[in-house]
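Following: one structure in structure tokens, then a few remarks.
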Amino acid sequence: HARITASVYSSHVPAIGAAIDLGKTGEPYWQPLFAGFEPTKQWMRENLPDVVFLVYNDHATNFDLSVIPTFAIGTAAEFEPADEGYGPRPVPKVMGHPELASHIAQSVIQQDFDLTIVNELKVDHGLTVPMNLMFGSPAQWPCRVIPLHVNVVQYPVPSGGRCFALGQAIRRAIESFDEPLKVQIWGTGGMSHQLQGPRAGLINREWDNRFLDRLIADPEDLAEMPHIEYVREAGSEGIELVMWLIARGAMADVAGGPAPRLAHRFFHVPASNTAVGHLILEN
Ligand code: DHB
Ligand code: FE
């Protein structure tokens, strides 16, 4: 059977992708950020999964206001990088896992979560930037990826509690797949940032670090946090953090297993307008 070996959490910021693509990662502004992901790249080489189940959000790139799926699973064989205004990023195309993705869709929908099935999907910085942070810039990505898009852009967005429960359903789905695959689940987006309005530029280090503490130690309680707290404390785009609860809900301890091991924790302010948080939790 397939099993979830670890969950990985990371912010995404388009400027991180631009820094990589323009060869600026060694500049003083960027060096401390990329340094925080050096242990991660080493850990990934030692703990390479067969498949990453990658929870992320599209930013009106593939889905615009004409269609707004709350949860959408990418079932295609491959996913091209999207053009977000400066041409597609020069990163490899993302190879999917249609068999496992179809199985997860079947299992999770039968557990009463209405996933939208997406057979054609272009992936934006929400997916490609975390890929670069974890794997660097190889000629081909080292494993398959199943994208799960969550609507955190256009209200109404799903609650933290529903995301946490979806993570539990995804765990049951993955563990009932009849091939011995090592699967990681990633939760991406966040942490505090606000890109618009009078509070543009908002960062809340204390709240973000408390979120990391609680995500590690008491995710059930954290999942109860209402939207208004995310938006008030972490800014309008801080709501992206509900996606981290999907990954956390898929960990063994939530289903009565042992507590995860914290393999890496990193926090850095700022990258563009965003507080960057990152965790690796091993099952
Ligand atoms: C920024 C952060 C985001 O999450 C995003 O989607 C776009 C921009 C930023 O900090 O610039
Ligand atoms: Fe974003």
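Read the figures in this text as sums done on the coordinates, not as results from a lab. A quick note: this is a predicted structure, and the numbers were derived from the prediction, not measured. With ideal geometry, Cβ positions are generated from the backbone for all residues, glycine too; neighbour counts draw on all protein chains shown.
Of everything in the range 1-56 that's hydroxyl-bearing (Ser, Thr, Tyr) and under 12 Å from MET131 (Cα atoms), which residue is farthest from ligand 1 (Cβ to nearest atom)?
Looking at the filtered set, the residue picked out is THR40.
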### Task
Please identify the pairs in which a residue from the range 114-128 that is under 19 Å from GLU99 (Cα atoms) has its Cβ atom under 7 Å from the Cβ atom of a residue that is of a type in the set (Val, Ile, Thr) and away from ligand 2 (no atom under 16 Å from the Cβ), counting only partners at least 6 apart or on another chain.
LEU115/ILE73; LEU115/VAL108; LEU115/ILE109; ILE117/ILE73; ILE117/THR75; VAL118/ILE73; VAL118/THR75; ASN119/THR75
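Based on this model, can you work out whether LYS41 counts as part of a loop (DSSP other than H, G, I, E, B) and of a type outside the set (A, V, I, L, M)?
No, not satisfied.
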#### Entry: Where a residue in the range 203-214 is over 14 Å from ILE239 (Cα atoms) and its partner, wherever it lies, is aromatic (Phe, Trp, Tyr), with Cβ under 8 Å and at least six apart
ARG205/PHE267; ASN209/PHE267; LEU212/PHE267
#### Entry: Residue that is surrounded by the fewest Cβ atoms within 10 Å (Cβ to Cβ) [pool: residues in the range 172-211 that are away from ligand 2 (no atom under 15 Å from the Cβ) and aliphatic (A, V, I, L, M)]
LEU181
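Tell me, which helices (runs of 4 or more DSSP H) lie completely within the range 162-274 with 2 or more residues that are within 20 Å of the chain's Cα centre (by Cα) and within 16 Å of ligand 1 (Cβ to nearest atom)?
Once the helices (runs of 4 or more DSSP H) in the range 162-274 are filtered for at least 2 residues that are within 20 Å of the chain's Cα centre (by Cα) and within 16 Å of ligand 1 (Cβ to nearest atom), what remains is 205-217, 227-234, 242-249.
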### Message
Contact list please: Cβ distance under 6 Å, first residue in the range 1-21 and within 17 Å of VAL276 (Cα to Cα), second residue within 10 Å of ligand 1 (Cβ to nearest atom) and part of a strand (DSSP E or B), pairs at least six apart or on different chains.
### Response
SER10/THR188; SER11/THR274; SER11/VAL276; HIS12/THR188; VAL13/ALA271; VAL13/THR274; ILE16/ALA271
### Task
Test each condition in (1) over 28 Å from ILE104 (Cβ atoms); (2) more than 16 Å from ligand 2 (Cβ to nearest atom); (3) not hydroxyl-bearing (Ser, Thr, Tyr) for GLN168 and report the one that comes out false.
(1)
### Query
Hey, does the range 24-31 have a residue that's β-branched (Val, Ile, Thr) and not in a loop (DSSP other than H, G, I, E, B)?
no
### The listed residue being over 22 Å from TRP244 (Cβ atoms) and more than 16 Å from ligand 2 (Cβ to nearest atom), out of ASP50, ASP64
ASP50
### Message
Can you say whether ASP58 is within 16 Å of ligand 2 (Cβ to nearest atom), in contact (Cβ under 8 Å) with a residue 40 or more places away in the chain and either more than 18 Å from TRP141 (Cα to Cα) or surrounded by 22 or more Cβ atoms within 10 Å (Cβ to Cβ) (or both), as far as the supplied structure shows?
### Response
yes
### Members of the range 21-43 that are surrounded by fewer than 21 Cβ atoms within 10 Å (Cβ to Cβ) and of a type in the set (A, V, I, L, M, F, W, C)
LEU22, TRP30, ALA35, TRP43
### Task
Identify, by number, the condition in (1) under 16 Å from the mean Cα position of the chain (by Cα); (2) in a helix (DSSP H, G or I) that PRO147 doesn't meet.
(2)
### Task
Determine, yes or no, whether ALA259 is within 16 Å of ligand 2 (Cβ to nearest atom) and on the phi < 0 side of the Ramachandran plot.
no
### Message
Condition (residue is free of Cβ contacts under 8 Å to residues at least 12 places away in the same chain and of a type in the set (Gly, Ala, Ser)) applied to the range 215-231: is it met by at least one residue?
### Response
yes
### Message
Please go through the range 50-109 and give me each residue that is over 15 Å from HIS125 (Cβ atoms) and more than 19 Å from the chain's Cα centre (by Cα), ordered by number.
### Response
ASP64, LEU65, SER66, VAL67, ALA77, PRO98, GLU99, SER102, HIS103, GLN106, SER107, ILE109
### Task
Please go through the range 82-107 and pick out each residue that is surrounded by fewer than 22 Cβ atoms within 10 Å (Cβ to Cβ) and assigned to a strand (DSSP E or B).
ASP83, PRO88, MET95
